[in-house]
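Some notes on the structure that comes next.
The values are calculated or read from the model by the stated rules, or taken from the named source; none is laboratory data. These numbers come from a predicted model, not from an experiment. Every residue, glycine as well, gets a Cβ built from its backbone with ideal geometry; the counts of neighbours run over all protein chains shown. Note: areas computed on protein heavy atoms with side chains; ligands, DNA, RNA excluded. Shrake-Rupley method; radii C 1.70, N 1.55, O 1.52, S 1.80 Å.
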Amino acid sequence: MRNKFSKKWIGSKQARKQRKYVANAPLNIKQKFMCSHLSEELIKKYKRRNIQVKKGDKVIIMRGQFKGKLGEINKVNLRKTRIFIDGAEFIKKDGTKSFYPIHPSNVMIKELSLDDKERKKSIERNIAGIKK
């Protein structure tokens, strides 16, 4: 029986194999798929193009029915590779609101949440490494 996931997998042109890799990846690798582009001001400030999303980041939705909405990330679902944003909610038949799942590639980070010490350190290290 073949393994569902291989760390030695390099890549393939076949979309079927790419989808299999993403679907069967363990959570420590799926974490790397949870990246979004930074806004132009943040790119200039932090000297990088994208970063992993985190609860508390302020983002603008770039694609889909909520395009143009600005909101804060309320929840991150690693298993399904989706984020839930305060501005993107749909109303159910019974009147309750529910968050709409959005893929992180469809949003742009406008403001970073720097509450986490580790995230702050990694960004500072990245900036210091580029200046050398």
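Somewhere in region 33-46, is a residue over 22 Å from Tyr100 (Cβ atoms) and under 13 Å from the mean Cα position of the chain (by Cα)?
Step one: filter region 33-46 for residues over 22 Å from Tyr100 (Cβ atoms), giving 38, 40-46.
Keeping just the survivors that are under 13 Å from the mean Cα position of the chain (by Cα) gives 38.
Yes, region 33-46 has at least one match.
Show the residue pairs that are 6+ apart or on different chains and have beta-carbon atoms under 6 Å apart, the first residue being within region 81-101 and among the acidic types (Asp, Glu), the second being part of a strand (DSSP E or B).
Asp86/Gly71; Asp86/Glu72; Asp86/Asn74; Glu89/Lys97; Glu89/Phe99
Can Ile102 be described as out of contact with any Pro (no Cβ under 7 Å at 6 or more places or on another chain) and within 23 Å of Ile43 (Cβ to Cβ)?
Working: out of contact with any Pro (no Cβ under 7 Å at 6 or more places or on another chain): yes; within 23 Å of Ile43 (Cβ to Cβ): yes.
In short, yes.
Please indicate, with yes or no, whether at least one residue in region 70-88 is small (Gly, Ala, Ser) and outside any strand (DSSP E or B). Outline the logic, then answer.
Here is the first cut: in region 70-88, the ones small (Gly, Ala, Ser) are 71, 87-88.
After this cut, where a residue has to be outside any strand (DSSP E or B) as well, the list is none.
No, region 70-88 contains no residue that is small (Gly, Ala, Ser) and outside any strand (DSSP E or B).
Quick one: Arg82 ticks every box in (1) over 16 Å from the mean Cα position of the chain (by Cα); (2) at pLDDT 95 or above; (3) within 17 Å of Lys58 (Cα to Cα) except a single one, so which number is it?
(1)
Within the bounds of region 35-57, is there any residue that is crowded, with 17+ Cβ neighbours inside 10 Å, more than 26 Å from Lys7 (Cα to Cα) and among the charged types (D, E, K, R)?
Within region 35-57 (the criterion being crowded, with 17+ Cβ neighbours inside 10 Å, more than 26 Å from Lys7 (Cα to Cα) and among the charged types (D, E, K, R)), the answer is yes, since at least one residue qualifies.
Looking only at region 67-79, filter to residues that are hydrophobic (A, V, I, L, M, F, W, C) and open to solvent by 50 Å² or more (accessible area, probe 1.4 Å); which one of those is farthest from Gly56 (Cα to Cα)?
Within region 67-79, the first condition is being hydrophobic (A, V, I, L, M, F, W, C), and the residues that meet it are 70, 73, 76, 78.
Narrowing further to those that are open to solvent by 50 Å² or more (accessible area, probe 1.4 Å): 70, 76.
Details: Leu70: 13, Val76: 10 Å.
Among them, the one singled out is Leu70.
Of all residues in region 26-56, which are without any contact (Cβ under 8 Å) to a residue 40 or more places away in the chain and assigned to a helix (DSSP H, G or I)?
Answer for region 26-56, where residues must be without any contact (Cβ under 8 Å) to a residue 40 or more places away in the chain and assigned to a helix (DSSP H, G or I): Asn28, Ile29, Lys32, Glu40, Glu41, Ile43, Lys44, Lys45.
Could we say that Ile29 is within 12 Å of the chain's Cα centre (by Cα) and surrounded by 10 or more Cβ atoms within 10 Å (Cβ to Cβ) here? Walk me through how you get there before you give the answer.
Details: within 12 Å of the chain's Cα centre (by Cα): no; surrounded by 10 or more Cβ atoms within 10 Å (Cβ to Cβ): yes.
It is false that Ile29 is within 12 Å of the chain's Cα centre (by Cα) and surrounded by 10 or more Cβ atoms within 10 Å (Cβ to Cβ).
Out of the residues in region 1-23 that are assigned to a loop (DSSP other than H, G, I, E, B) and of a type in the set (Phe, Trp, Tyr), which is most open to solvent (accessible area, probe 1.4 Å)? Before the answer, list the steps.
From region 1-23, those assigned to a loop (DSSP other than H, G, I, E, B) are 1-14; that's our starting set.
Now drop any that are not of a type in the set (Phe, Trp, Tyr), which leaves 5, 9.
Values: Phe5: 38, Trp9: 84 Å².
In this case the residue turns out to be Trp9.
Kindly provide the set of residues from region 85-108 that are farther than 27 Å from Ile29 by Cα and either under 12 Å from the mean Cα position of the chain (by Cα) or surrounded by fewer than 15 Cβ atoms within 10 Å (Cβ to Cβ) (or both), ordered by number.
Residues of region 85-108 that are farther than 27 Å from Ile29 by Cα, as a first pass: 87, 89-98.
Within region 85-108, Phe90, Ile91, Lys92, Lys93, Asp94, Gly95, Thr96, Lys97, Ser98 qualify.
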